[in-house]
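Novice: Dropping a structure here in structure tokens format, bear with me for questions.
The values are calculated or read from the model by the stated rules, or taken from the named source; none is laboratory data. What you see is a predicted model, and the numbers here were worked out from it, not measured in a lab. Reconstructed Cβ throughout: ideal geometry from the backbone, glycine too, with neighbour counts over all protein chains shown.
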Protein chains: 2
Amino acid sequence: MDERASVRTIDRMVEVLDCFSVDRPAWSLTELSARLDLPKSTLHRFLVGLERNGLVRRGHDDNKWRPGHRLVIWGSVASATNDIQQIAAPIMRELAETTRETILLTEYHVGEVVCMDKIETSHSVRIALDVGSRRAPHAGASSKVLMAYLPEDEVERIIEVGLPRYCERTITDPVALRSELERIRQCGYALSYEETDCGAWGIATPVRDWSGAVVAAVGLAGPTVRYSDDAAQRYVALCCDAADAISRRLGAGRADIR
Amino acid sequence: MDERASVRTIDRMVEVLDCFSVDRPAWSLTELSARLDLPKSTLHRFLVGLERNGLVRRGHDDNKWRPGHRLVIWGSVASATNDIQQIAAPIMRELAETTRETILLTEYHVGEVVCMDKIETSHSVRIALDVGSRRAPHAGASSKVLMAYLPEDEVERIIEVGLPRYCERTITDPVALRSELERIRQCGYALSYEETDCGAWGIATPVRDWSGAVVAAVGLAGPTVRYSDDAAQRYVALCCDAADAISRRLGAGRADIR
DNA sequence: CGTGATGTTCCGAAGAGTGGAACGGCGTTC
DNA sequence: GAACGCCGTTCCACTCTTCGGAACATCACG
């Protein structure tokens, strides 16, 4: 990446805002300063600037910093203007109704798989994955299917970073992972069973744009208690159909869609 | 506002990202440059920096700039960690079920009223207002109720900026508006009928935190075809109950909740 | 193959951002 | 109630980063 063609302040700002997570939404100045290894004065100036713009706010009892309202605005604009999400929504809804399982739309972005949209079912036992949440690129059906269509060197980079184990069946061996990816490319879909969360299984299929590039994955996630080979087979077909339908509306040619 | 205690780059970055809206999600470099009155070289450096961080992406057919995936992540974190939203959600859901109208949670932020959360009904005819969308502070029930509890000088500032008309019954006269706000403070809720959109009416009630400050509004919005004085009266009571329930869970004392 | 539009890179100058240090406010300890 | 320690805030002179005009590259169109 080109070091010169950038603005350091932007990188810093992103670092600051990236500190806020669902698990850790509130930070005091000192805490943030320690976490980011930035002088308090610098960070303070930063936070005040962010606050002025509604990117962060501070609680008026504790005065810890929290994410601000403008992030909600931007997030909704980003969601609403993502072509794939817009096109996928009705197809995902249909898929959710016929399968009665949680349906996910995921994208790969720099080393992570991001959940861009989801539809949950009415089942009381269901897999819940929040929009905006991120997962490892090697574990789970959606992750694997996205990884399978990544450029060679990107795959190697992911493997080099390491393949941590999340559950009993997480694939942590590079050789096994490479052959699994090859298998996925062969048959055009990915399966997982307790790779990320105990008690969960999933299916995922690739979504292609007009150029034939895989730009997203449509996935289905359910509890293992509702797993059966029969159901899996049925759902695979349905997921493939859904992904292909989305691809077609993105302009993908016949050749791309198996 | 303190001019010195800030970082210009942050303000600029916000300006850039603020250009993207649901109506205008894609911008070419030249378009943005014209809009923001920034040299193309500067803007380009900026955009590349934002792109590196996933705040914007460019289409690989047209290479226009669009909101990036990280905004989705931040938005979901901001939503998920907003205490008020979390607390309000179940109460709003109940309200939506009993009234079968769209329920809104709104907050006032620097001259605008932002929709922070919503629950839509199953009615095919319904009022749809997106999360993250923004409205004028003087038109509509939610806006008026939030404005009613603003500090005096903030109210005056809004009036000075101007009170544009959005619909036939928008209050555009400062005197009328001030007395309407007074009326809202008296009875503790706001009503609107075709103030923002033709064919829509609404109710809104204030939500208070532990300090007694009004921090949000719970609103109900429906089509005028389903309006009746009787229904309005019933819904006002229900909205008040809902807002009070949320306030109580935010720690508001008995005295604050009328 | 020229023309005009766009996007991209370069580089010297200038001033915006930096961060150590000092300050002020608040709660806690002795 | 004085002294201490912790945290947030402000200050200011130096310096490194960003700025933006201009040159360059790329592409579409005639």
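Novice: Test A:LEU55 against the criterion of being under 23 Å from B:PHE46 (Cα atoms) and either out of contact with any helix residue (DSSP H, G or I) (no Cβ under 9 Å at 6 or more places or on another chain) or more than 9 Å from DNA strand D (Cβ to nearest atom) (or both), and give yes or no.
Specialist: Numbers: under 23 Å from B:PHE46 (Cα atoms): yes; either out of contact with any helix residue (DSSP H, G or I) (no Cβ under 9 Å at 6 or more places or on another chain) or more than 9 Å from DNA strand D (Cβ to nearest atom) (or both): yes.
Taking the combined requirement at face value, the residue satisfies it.
Novice: For B:TRP74, indicate whether it is crowded, with 19+ Cβ neighbours inside 10 Å and more than 10 Å from chain A (Cβ to nearest Cβ).
Specialist: In short, no.
Okay, residues lined up against (1) closer than 22 Å to A:ARG226 by Cα; (2) loosely packed, with under 15 Cβ neighbours inside 10 Å; (3) among the acidic types (Asp, Glu):
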{"position": "A:VAL110", "(1), (2), (3)": "no, yes, no"}
{"position": "A:GLU152", "(1), (2), (3)": "no, yes, yes"}
{"position": "A:LEU163", "(1), (2), (3)": "no, no, no"}
{"position": "A:ARG185", "(1), (2), (3)": "no, yes, no"}
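Here is a yes/no grid of residues against (1) at pLDDT below 95; (2) out of contact with any Asp or Glu (no Cβ under 6 Å at 6 or more places or on another chain); (3) over 19 Å from A:TYR235 (Cβ atoms):
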| residue | (1), (2), (3) |
| --- | --- |
| A:PRO174 | no, yes, yes |
| A:ARG183 | no, yes, no |
| A:CYS198 | yes, yes, yes |
| A:TRP201 | no, yes, no |
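Novice: Exactly one of (1) in contact (Cβ under 8 Å) with a residue 40 or more places away in the chain; (2) within 16 Å of DNA strand C (Cβ to nearest atom) is unmet by A:GLU94. Its number?
Specialist: (2)
Novice: Do we have B:VAL125 as under 16 Å from the mean Cα position of the chain (by Cα) and in a loop (DSSP other than H, G, I, E, B) here?
Specialist: No, not satisfied.
Novice: Working carefully through the options A:ASP83, A:ASP61, A:ASP130, A:ASP153, find the one that is farther than 28 Å from B:ILE10 by Cβ and at the interface with chain B (Cβ under 10 Å from one of its Cβ atoms).
Specialist: A:ASP83
Novice: Which residue pairs have Cβ atoms closer than 6 Å, lie 6 or more positions apart in sequence or on different chains, and pair a first residue in segment A:158-175 that is in the same structural domain as A:SER143 (by TED's automatic domain parsing) with a second residue that is of a type in the set (Gly, Ala, Ser)?
Specialist: Every condition considered, the pairs that remain are A:TYR166/A:ALA139; A:THR170/A:ALA139.
Novice: Residues that are touching a residue at least 40 places away in the same chain (Cβ under 8 Å) and in contact with a strand residue (DSSP E or B) (Cβ under 6 Å, 6 or more places away or on another chain): find the helices (runs of 4 or more DSSP H) completely inside segment B:1-71 holding 3 or more of those.
Specialist: The helices (runs of 4 or more DSSP H) meeting that bar number zero.
Novice: Looking at the structure I just gave you, is A:THR81 without any contact (Cβ under 8 Å) to a residue 60 or more places away in the chain and within 14 Å of DNA strand C (Cβ to nearest atom)?
Specialist: no
Novice: Sort out which residues of segment B:53-63 are within 12 Å of DNA strand C (Cβ to nearest atom) and buried (at least 19 other Cβ atoms within 10 Å of the Cβ), and write them in order of number.
Specialist: Filtering segment B:53-63 for residues within 12 Å of DNA strand C (Cβ to nearest atom) gives B:56, B:58-60, B:62-63.
Residue satisfying the conditions is B:VAL56 alone.
Novice: Could you count how many residues in segment B:14-46 are at the interface with chain A (Cβ under 10 Å from one of its Cβ atoms), within 10 Å of DNA strand C (Cβ to nearest atom) and surrounded by 14 or more Cβ atoms within 10 Å (Cβ to Cβ)?
Specialist: 2
Novice: Sort out for me the helices (runs of 4 or more DSSP H) sitting completely within segment A:135-237 that have 2 or more residues that are closer than 20 Å to A:ILE119 by Cα.
Specialist: In segment A:135-237, A:141-148 are the helices (runs of 4 or more DSSP H) which contain 2 or more residues that are closer than 20 Å to A:ILE119 by Cα.
Novice: Among the residues of segment B:84-91, is any polar (S, T, N, Q), in a loop (DSSP other than H, G, I, E, B) and touching a residue at least 12 places away in the same chain (Cβ under 8 Å)?
Specialist: Checked against the condition, which is being polar (S, T, N, Q), in a loop (DSSP other than H, G, I, E, B) and touching a residue at least 12 places away in the same chain (Cβ under 8 Å), segment B:84-91 yields no hits at all.
Novice: Scan segment B:100-153 for residues that are out of contact with any strand residue (DSSP E or B) (no Cβ under 8 Å at 6 or more places or on another chain) and either under 17 Å from B:GLU195 (Cα atoms) or of a type in the set (A, V, I, L, M) (or both) and jot them down.
Specialist: B:VAL110, B:HIS138 - these are the residues of segment B:100-153 that are out of contact with any strand residue (DSSP E or B) (no Cβ under 8 Å at 6 or more places or on another chain) and either under 17 Å from B:GLU195 (Cα atoms) or of a type in the set (A, V, I, L, M) (or both).
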